[in-house]
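The values are calculated or read from the model by the stated rules, or taken from the named source; none is laboratory data. Since we're looking at a predicted model, the values are computed, not measured. No Cβ is skipped: glycine too gets one built from the backbone with ideal geometry, and neighbour counts run over all protein chains shown. To get the accessible areas, we keep the full protein, side chains included, count just its heavy atoms, and leave off ligands, DNA and RNA. Shrake-Rupley method; radii C 1.70, N 1.55, O 1.52, S 1.80 Å.
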Amino acid sequence: MQATLTQTISFEGVGLHSGKPVRMDVHPAAARFGIWFKRTDVSDADNMVRAIYSAVGAKPLCSELTNDAGVGVSTVEHIMAALAGCGIHNALIELDGPEVPIMDGCSADFVRAIVEVGARKQAARLYAIEVLSPVMVEENGAMAMLTPAGGLEIDFHIEFPDAAIGRQHMALDMRNGTFVRELSDSRTFCRKADIDMMHDNGLALGGTYHNAVVVDGDDVLSPGGLRHADEAVRHKMLDALGDLALAGAPILGRYTGVRAGHAMTNKLLRKLFANPSAYRFVPCTPEQAARLPGVGVRKADLALVA
Ligand SMILES: [Zn+2]
């Protein structure tokens, strides 16, 4: 069965790119609605933006959605991961600016609010996207791949020259609230040299040592250090879940990412949907539904979220 929120949840923060304040209200929505963003600050053009892979444009550092009128919403991946990871299929997300608030650089605030109000089951069948044959994209030594599996699994490898990150690998079956417990509080990370360059170029103006883990060689510069020794690869898995949620339905398959990023996961989805023999939409059997990321999330799991 599909699910939505029991009530509206609200957030105030700043945009990663602009550094400007933004308010976000996530409202319950009807069955089969899907996930849509609404730009309440836009009144002279279509202000509804669907959370779907085919609306993703090219913006560095994050996933940005744009509708046919050119109205966009950026940095959608952490709220998308939170909704998918908590089993919310239908929601209307109102924003009074062009970006989802970055909060502390992960999905923890969103997850806490979703789990606190809880999910409401809806009388509509849940469909999933079953991966039938392997699909892969490769570019400059990076790779992303989907292969058949009974539920959603995420397997990620990263490698950075900075010793504070280095080489990390993690693989998780996303069932039983795994996302909430293992991934939701892992923050975006970046290298000091990159953040300096971005600020010099007027990018990531909302990026601070409090909403990203900033590393420089051996050192973690953000106050309080890391939440997990392998926080970086966990965040990449969080991003992957959020980007995969733009498929429009839960995926039954194994995602493998090697140094992959938002653009590569989007290319992977486009390649999957361009090949009708590689996937099919299936009504979830109870066994399949029980393996989806949002099933089995409990309030007690919040004690494990930083
Ligand atoms: Zn991210």
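Within the option set Ala81, Ala91, being open to solvent by less than 10 Å² (accessible area, probe 1.4 Å) and either in the same structural domain as Gly248 (by TED's automatic domain parsing) or within 16 Å of the ligand (Cβ to nearest atom) (or both) holds for one residue only, Ala81. Every condition in (1) touching a helix residue (DSSP H, G or I) at 6+ places or on another chain (Cβ under 7 Å); (2) closer than 30 Å to Ala30 by Cα; (3) open to solvent by less than 30 Å² (accessible area, probe 1.4 Å); (4) not aliphatic (A, V, I, L, M) holds for Arg187 except the one numbered (2). Scanning the range 250-281 for residues that are within 16 Å of the ligand (Cβ to nearest atom) and open to solvent by 10 Å² or more (accessible area, probe 1.4 Å) yields a total of 6.
So in the range 182-210, with the set limited to residues that are at pLDDT 95 or above and not in a loop (DSSP other than H, G, I, E, B), which one is nearest to Ile102 (Cα to Cα)?
Among those residues, the one meeting the criterion is Leu183.
Being over 13 Å from the mean Cα position of the chain (by Cα) and either within 16 Å of the ligand (Cβ to nearest atom) or hydrophobic (A, V, I, L, M, F, W, C) (or both), is that true of even one residue in the range 238-249? Checked against the condition, which is being over 13 Å from the mean Cα position of the chain (by Cα) and either within 16 Å of the ligand (Cβ to nearest atom) or hydrophobic (A, V, I, L, M, F, W, C) (or both), the range 238-249 yields at least one hit. The set of residues in the range 194-221 being small (Gly, Ala, Ser) and either in contact (Cβ under 8 Å) with a residue 12 or more places away in the chain or not assigned by TED's automatic domain parsing to the domain that holds Gly294 (or both) consists of Ala204, Gly206, Gly207, Ala212, Gly217. Within the set Asp109, Asp96, the sole residue that is at pLDDT 95 or above, within 14 Å of the ligand (Cβ to nearest atom) and open to solvent by 30 Å² or more (accessible area, probe 1.4 Å) turns out to be Asp109. Note on the range 229-242: residues that are open to solvent by 10 Å² or more (accessible area, probe 1.4 Å) and touching a helix residue (DSSP H, G or I) at 6+ places or on another chain (Cβ under 6 Å) amount to 2.
Every residue, every condition in (1) open to solvent by 10 Å² or more (accessible area, probe 1.4 Å); (2) outside the structural domain of Met237 (by TED's automatic domain parsing); (3) within 25 Å of Val258 (Cβ to Cβ); (4) out of contact with any strand residue (DSSP E or B) (no Cβ under 6 Å at 6 or more places or on another chain), yes or no:
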{"position": "Glu116", "(1), (2), (3), (4)": "yes, yes, no, yes"}
{"position": "Met136", "(1), (2), (3), (4)": "yes, no, yes, no"}
{"position": "Leu146", "(1), (2), (3), (4)": "no, no, yes, no"}
{"position": "Phe179", "(1), (2), (3), (4)": "no, no, yes, yes"}
{"position": "Lys192", "(1), (2), (3), (4)": "yes, no, yes, no"}
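Look at Thr75 and say whether it is in contact with a helix residue (DSSP H, G or I) (Cβ under 7 Å, 6 or more places away or on another chain) and within 20 Å of Arg39 (Cα to Cα). It is false that Thr75 is in contact with a helix residue (DSSP H, G or I) (Cβ under 7 Å, 6 or more places away or on another chain) and within 20 Å of Arg39 (Cα to Cα).
Determine, yes or no, whether Met24 is at pLDDT 95 or above, crowded, with 21+ Cβ neighbours inside 10 Å, in contact with a strand residue (DSSP E or B) (Cβ under 6 Å, 6 or more places away or on another chain) and not in a loop (DSSP other than H, G, I, E, B). Against the criterion (at pLDDT 95 or above, crowded, with 21+ Cβ neighbours inside 10 Å, in contact with a strand residue (DSSP E or B) (Cβ under 6 Å, 6 or more places away or on another chain) and not in a loop (DSSP other than H, G, I, E, B)), Met24 qualifies.
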